[in-house]
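A short write-up of the structure that comes next.
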Amino acid sequence: HIDKSMRYIHDVLGFAIMPIQYAGGVKADPHGWNGADQSAYLPFTGWLSFGEGGVDDAEDPDVILHELAHGLHDWLTNGDFSQVEGLSEGCGDYWAASNNRSSGFWSPSDPQYHWVFQWDGHNPFWSGRRTDYAVPYPGGLVGNIHTDGQIWSSTLMQIYQDIGRTATDANLLECLAMTNSITSQEDAAQAFLQADINLHGGVHLSAIEYRFSQRGYNISLPAPVITHQPLKDVKDLFGPYPVTATVTAAAPLTAVKLIYGHGGVFSDTLEMVPGGDEYSAAIPGIGTPAIYQYYIYAEDAGSLASTLPDGAPVQFFSFTTGPDQTPPQIVHTPISIANWYNLPVLLNADVRDNYAVERVWAEYQINGIAQPFFELSHQQGDLYSGYFPFDSSVV
């Protein structure tokens, strides 16, 4: 069972997880605990140890996989795994239940469908645990890690039912790698959402969010993210004025819109055209000097929406069309001495203007004699730079 689960993790799910305490495969002792009715993962050694009291624990795949899951949790966090609110116990119960459910041996009408430790528990020795534990989070927490872990495992099995085994299993492993020793169940639920974004592009987010929220976990789905370089003032009265934005989202985007107008009124909406993550649209000009205002709206398949700027339409971008009344501002530190080791000489300048900067050039003299000007090229932000074009091999 250990070998099968580890091969499934490596070959199907694609996670290269191995013990951190030693090289090679997972080590286990099927005759541990001096015969006591006890089993555990031992963090200091990285071994799985199974007792023989009651039912021999190593005879029950659920016990084996539960303890293996503790090891996975430990190895994924580099020895920093959490038992806050029974998180690791819930992960162990889920890992065992996921394997059971995938066998198809029990149907939903069978009591065993929701049992964990089907051979070792649910008998005169002890009552085992379940994955249909119906108490809410956090109100159902009782301060016992094994009892409280059933809240987490039961919620994961609901998600399993909605999105399938491999997606849920992979999300759990990915999520645990983001956690540490103080991670609560609620923290892990938020990480589980991020895991689905990382592994599956967020395709399961709606189903996952529904189950976690229904249970009581206070989580939030990420809204679409919009980035855009605001338009500057322009002399052109007729346009069009192209607007481009990069929009990314966890769930598929269903709408990206440019809402615009002029004179303080938002009067029109354009659907922005996608090109990968970049979206574009163009605001038409009205032919007379004006102040245009606009903002960008994006919504995904989960009905999560965002605007740029935040707080739109109260907050918005604006630009002016018409004559340029304000000259550019130039900030430059003069070059006093140029070390010949550092030739050719680089000239830098910050050039700021409320209108788009069309050209930047430098005029200079050598020994009082005017030389042809040279262009400075735009680097980033307001920075422009260029090399003096004189022959730097002549000193």
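Every number in this text was worked out from the coordinates using simple rules, so none of it is lab data. Everything numeric in this text was worked out from a predicted model, so none of it was measured. A quick note on method: Cβ atoms are made from the backbone with ideal geometry, for glycine too, and the neighbour counts reach across all protein chains shown.
Label region 1-132 by shape, choosing from rounded, prolate and oblate, from the square roots a ≥ b ≥ c of the eigenvalues of the Cα gyration tensor; if a/c is under 1.5 it is rounded, and otherwise prolate applies when a/b is larger than b/c, oblate when it is not. Oblate. Treating the angle as unsigned and between 0 and 90°, give the value, to the nearest 10°, between the Cα long axis of helix 165-176 and the longest Cα principal axis of the chain. Helix 165-176 and the main axis of the chain meet at about 70 degrees. Computed about the Cα centre, the dipole magnitude for region 329-387 is approximately 140 debye when only Lys and Arg (+1) and Asp and Glu (-1) carry charge, each at its Cβ.
Please list, by residue number, every one of the chymotrypsin sites (Phe, Trp or Tyr not before Pro) in region 1-94 that is coil in DSSP and has at most 10 other beta-carbon atoms within 10 Å.
Here the chymotrypsin sites (Phe, Trp or Tyr not before Pro) that fit, given the DSSP loop and packing criteria, are PHE44.
A cut-off under 12 angstrom between Cβ atoms defines the neighbours of SER184, and their net charge, with Lys, Arg +1 and Asp, Glu -1, is -4.
Under the classification rounded if a/c is under 1.5, otherwise prolate if a/b is larger than b/c and oblate if not, where does region 205-327 fall, given a ≥ b ≥ c as square roots of the Cα gyration tensor eigenvalues? It is prolate, given that a/c is not under 1.5 and a/b is the larger ratio. Under 5 Å between amide hydrogens, built in the peptide plane, is the criterion, and for PHE266 it picks out nothing among residues at least 5 positions away or on other chains. Identify which of the listed values of Rg and Dmax of the Cα atoms in Å was calculated from the structure shown: [x] 22.4, 81; [y] 21.4, 73; [z] 31.6, 104. Correct label is [z]. Taking Cα atoms, how many degrees apart are the long axis of helix 205-215 and the longest axis of the chain, rounded to 10 and kept between 0 and 90? Taking Cα atoms only, the helix is inclined about 50 degrees.
Of ASN78, GLY24, PHE373, which is farthest along the charge dipole of the chain in the positive direction, counting Lys and Arg as +1 and Asp and Glu as -1 at C-beta? The Cα lying farthest towards the positive end belongs to PHE373. Neighbour counts of other Cβ atoms within 10 Å put SER306, SER103, SER154 in the fewest-to-most order SER103, SER306, SER154.
About its Cα centre, the dipole of the chain is roughly 780 debye, where the only charges are +1 on Lys and Arg Cβ and -1 on Asp and Glu Cβ.
Can you put CYS91, CYS175 in order, fewest other beta carbons within 10 Å first?
Ordered by Cβ neighbours within 10 Å, fewest first: CYS175, CYS91.
Enter the angle in degrees (range 0 to 90, nearest 10) between the Cα long axis of helix 87-103 and the first principal axis of the Cα atoms of the chain, meaning the one along which they spread out most. Orientation of helix 87-103: about 70 degrees from the principal axis. In terms of its alpha-carbon gyration tensor, region 329-387 comes out prolate; a/c meets the 1.5 threshold, and the first ratio a/b outweighs b/c. Roughly speaking, what is the centre-to-centre gap between region 308-381 and region 1-36 when only Cα atoms are used, to the nearest Å? The two parts, judged by their Cα centres, are 62 Å apart. Near ALA290, the amide H atoms lying under 5 Å from its own belong to THR321; only residues 5 or more places off or on other chains count, and H is placed 1.01 Å from N.
Tell me the net charge near ALA195. Cut-off is 12 Å between Cβ atoms, ALA195 excluded, with +1 for each Lys or Arg and -1 for each Asp or Glu.
-3
Normalising the average separation of contacting C-alpha pairs (under 8 angstrom, six or more residues apart) by the number of residues puts the relative contact order of region 225-321 at 35 percent. SER206: net charge of surrounding residues, Cβ under 11 Å, Lys/Arg +1, Asp/Glu -1, itself excluded? Summing Lys/Arg as +1 and Asp/Glu as -1 gives -3. Close amide H partners of VAL345, meaning residues 5 or more places away or on another chain with modelled amide H under 5 Å apart, are PHE388.
Relative to the Cα centre, the charge distribution of region 2-215, modelled as +1 at Lys and Arg Cβ and -1 at Asp and Glu Cβ, gives a dipole magnitude of about 400 debye. Which of these, ASN198, ASN78, ASN348, has the largest mean-square fluctuation under a Gaussian network model of the chain (Cα springs below 10 Å)? Looking only at ASN198, ASN78, ASN348, the biggest GNM fluctuation is shown by ASN348. Residues ARG352, ARG129, arranged from fewest to most other Cβ atoms within 10 angstrom of their Cβ, appear as ARG352, ARG129.
Order 62-69, 163-170 from most to least packed using the mean count of other Cβ atoms within 10 Å.
62-69, 163-170
In deg cm²/dmol, rounded to 500, what helix-only [θ] at 222 nm does the chain give when every DSSP H run of at least 4 residues adds -39500 (n - 2.57) and the total is split over its residues?
-8000 deg cm²/dmol
Dividing the mean sequence gap of close Cα pairs (under 8 Å, 6+ apart) by how many residues region 329-387 holds gives a relative contact order of 34 percent.
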